[in-house]
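Below: one structure, written as structure tokens.
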Amino acid sequence: MTRCTLRPNAAARRAAATCCGRAAVVACLLMACGISAGAGELRGNAIAVVIPIRGEINDILADSIERRLEEARAAGAKTIIFEMDTPGGMVTSALDICRMIKSLPDDIHTVAWVNPNAYSAGAMISVACNQILMSRSSAIGDCAPILISPGGGLQEIGETNRAKIESPVLQEFRDSAAINGHDALLCRAMVTVGEEVWWVEDAESGQRKFVTTDEKDELLGTSEKNLFDDPDEDRDASESKEETPQTGWRLVKSYDDPISGNAVPVRQPIDRKDGLLTLSQSEAVAFGLARAIATDVKAVASHLQIDSLPVHIDISGWEKFVMWLNSPLVRGILFVIVLLGGYIEFQNPGLIIPGATAAVALCIFLGAPYAAGLADIWTIVLLVIGLGLLALEIFVLPGFGIAGICGLLLILVAFVGTFVPAEPNMPAFSWPEMEGTWTALKKGVIVLTSSMVIAVMGIMLLARYLHELPGARHLILSTPDGAALALSDPYPDIALPGDVGTVVAPLRPGGQARFGTRVVEVRSQGGFVETDRAVQVLSREGPNIIVRPLPEDA
């Protein structure tokens, strides 16, 4: 299916608190970049407004729609048209949008104008509206979870997990169908795999309805076979197999195309056991899910009997900016900045600017996906724990062991986790079950791996050419001459290159070593060096004495 990322239905009940938290993150991001988050209100009175819903659905878009709905209500709009063009996205965000739509006052009429596609979570939003209109060459449907194996192949989802994942989606579709008069079986067919849907009609009254296989057999009194059920089978052979129904009900054979007016054969069942219901513009109108086909805004206004053209309320610039921050390219660049800035600051302590730049980039890297609803708070918790373990390994524990490795792994998992949304009714650390989750996971791994490769290349170039850059000369101290080194050297006569001493305070990598009767500050070339270990001076750089540990049997 097209990405239909699902998250727990309980999140919808926490929507108000969540929105406040994410709004604060968005505000901080915008302030850091010097951008105002203010949105201008719709001026004047507007009988009808158009609110476009384009691209992937996430929490940023949900907050934007909430803002635009408030603007529309403040302007006195009585008809709100949602122009749908989305492949889907986070269903938690879609659930929030559906809640906003169905919470509007009764005197406000909502319309979903599918122009051109409303897949997955977009279909759920469309069904939440009072009525649906379709544009030419449009489609709606396909909102079911699919299990993707680690190798990328399709697998069946177990009944228990499928029930957990489908439950909030099916409930939302049932509620919208009951409120807005959509056919509940058609809505269910967009979500559930394994059930057939048939279209039958009463030969006498002309009444048409959608039924399950058991209901069809009961109405028809036989297992009637459609002439078009198997296109590769000979038509005459099919006719010879067809039985005469024992009641007035029969399968619908064709419908009148609302665009051309021609009779179009109906392939029965309209939704097979191994398929998901996805309807074209003509099918949506013929099946009664959509009211009409509207090619443009004028046609929409004409169908709704609106005298003036609706006013568009589009997404604001700052909302686009926050969405842009979540693009893989931008997040990859931010991660490269984090690594390069951290490297420069570590190699040249006290510069401040590289470290501060890396810190800001890290905040944006973590804050943008949280604001968009892609990352949960557990990613921040894992990052803090990982950094704590890494600091423990460097400054407290000797060597480089379990604490350091675990810290690095937790940091890596936290960074990848900022790309991966949660799944509905599933624990935070459960194995991914859905296509959207695996897609996001692969994207996160690709972005981080590519960024690390680029950062390593950048570090190699910086190590070679940074001191030659004009701007860097003002930030990095130049290499002092011999006279300057002599003046700044507090130990001119001891700990010379080649001398051997004994560590008296652990080197982490800095510490103290005894040379003769003097104890001096030294720095290990490598990692941790324990107390009483013999070390040899490798070089002198002014007050800095670089040593290496000698073999214990030396």
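Since every read-out is calculated from the coordinates, none of them should be taken as a lab result. Note that the coordinates shown come from a computational prediction; the quantities given were computed from them, not determined experimentally. Glycine gets a Cβ as well: all are built from the backbone with ideal geometry, and neighbour counts include every protein chain shown.
Using R₀ = 45 Å, calculate the FRET efficiency as 1/(1 + (r/R₀)^6) where r is the Cβ-Cβ separation of Arg174 and Ser450; round to 0.05.
It comes to 0.55.
Can you compute 3J(HN,Hα) from phi for each residue in segment 256-263, using the Karplus curve 6.51 cos²θ - 1.76 cosθ + 1.60 with θ = phi - 60°, rounded to whole Hz and x for Gly and Pro?
7, 5, x, 8, 8, x, 7, 6
Under 5 Å between amide hydrogens, which residues at least 5 positions from Leu550 or on another chain qualify, with H placed 1.01 Å from N in the peptide plane?
Ala534, Val535, Gln536
For Asn348 and Val396, FRET efficiency with R0 = 35 Å and r from the beta-carbon atoms, rounded to 0.05?
0.90
Run the simple label-point estimate for Asp274 and Asp107 please: 7 Å along Cα→C-beta, distance reported in nm.
5.4
Between Leu412 and Asp183, what is the spin-label point distance in nm, taking each point 7 Å from the Cα along the Cα→C-beta axis?
Roughly 5.2 nm, to one decimal.
What distance in nm separates the two pseudo spin-label positions at Asn544 and Gln305, each 7 Å out from Cα along the beta-carbon direction?
Label-label distance for Asn544 and Gln305, simple model: 8.2 nm.
Can you list residues from other chains, or at least 5 along the same chain, whose modelled amide H is less than 5 Å from the amide H of Leu309?
So Leu309 has HN proximity to no qualifying residue.
Enumerate the calculated ³J(HN,Hα) couplings along segment 51-56 in order (Karplus 6.51 cos²θ - 1.76 cosθ + 1.60, θ = phi - 60°), each rounded to whole Hz, writing x wherever the residue is Gly or Pro.
Running phi through 6.51 cos²θ - 1.76 cosθ + 1.60 with θ = phi - 60° gives 10, x, 10, 10, x, 6 Hz.
Highest mean first, how do 122-130, 269-277 rank when packing is the count of other Cβ atoms within 10 Å averaged over residues?
122-130, 269-277
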